[in-house]
Each structure stands twice: as C-alpha cells, then as structure tokens.
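Everything below concerns the one structure shown next.
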Amino acid sequence: MIANRVSYYLDLRGPSVPIDTACSSSLSATHLAVQAIQNGEYEAAVVGGSQINHRFGRGEGAVCMVLKPLDAALRDGDKVYATILGTGINSWGSLAPVNAPVASAQQEAMVRAFA
C-alpha cells in the first residue's frame, strides 16, 4: 500500500507497484524499472526502498531514485548522480529457505547484469 500512498500524495500517474523480495526489494524494483524504461513502457520511474531495524539488521535507512534514460536526463538538464550499466535478478527456487540468499544464484544474477 505504501507505493500507492506515495503516488496519491505526489499525484504520480502510471503503475504503482510494491515489490517484496526480502532484503533485495529495492534492487528488484530498480531492475524492473530499468527494464520498463528500456522497453519504452515509461519515460521515467521513481524507485524507493527502506529498511527498518526490527530483526537482525543493525541499521535503518531509506532511498528514493528517479530513473530515466541518460539522453533524456541530459536533455532536461537533470543532475546525473550515476548511470546504471546493467541489472539482473534471480531466484533459486527451494534450494534454500525463502529468505536466505544463495551464492550461486547471486553470482548468476551478477553475470546477467554485466552481460
């Protein structure tokens, strides 16, 4: 519901999708947004994520990014803080507990990102 609350408050139009992939949610959201921009579905996307210290984590934080093609950002005079060269996500089925990372799956996602 948080994605829809932000869209409502900021009067943002278009898809408003929460992503829950445990500790990789904001990275998964970034991947999906980059793909949608590359496919021409969106001109830009707002991606955010947060972590609240309620279990093992030792810290809290939040981030929000506006993603758009580099040529569009330069044309619009936007301040560019970084460029995304590639993204990749993966799931390894039932090889490990649902919230536990699998090193080989992470490696495969990185290989996809850098391909």
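Overview of values
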{"quantity": "Residues with amide H under 5 Å from that of Y42, placed H, sequence gap 5 or more", "calculated": "I37"}
{"quantity": "Whole-Hz couplings from phi, Karplus 6.51/-1.76/1.60, listed for segment 71-82; x for Gly and Pro", "calculated": "4, 5, 5, 5, 4, 7, x, 6, 7, 9, 8, 6"}
{"quantity": "Cα gyration tensor category, rounded, prolate or oblate, for the chain with a/c compared to 1.5", "calculated": "oblate"}
{"quantity": "Spacing of the two label points (7 Å from each Cα toward its C-beta) at S94 and E108, in nm", "calculated": "1.6"}
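We did not get these values from a lab; they are worked out from the coordinates using the rules stated. No experiment lies behind these values; they were computed from the predicted model shown. Cβ: placed from backbone, ideal geometry, glycine included. Neighbour counts: every protein chain shown.
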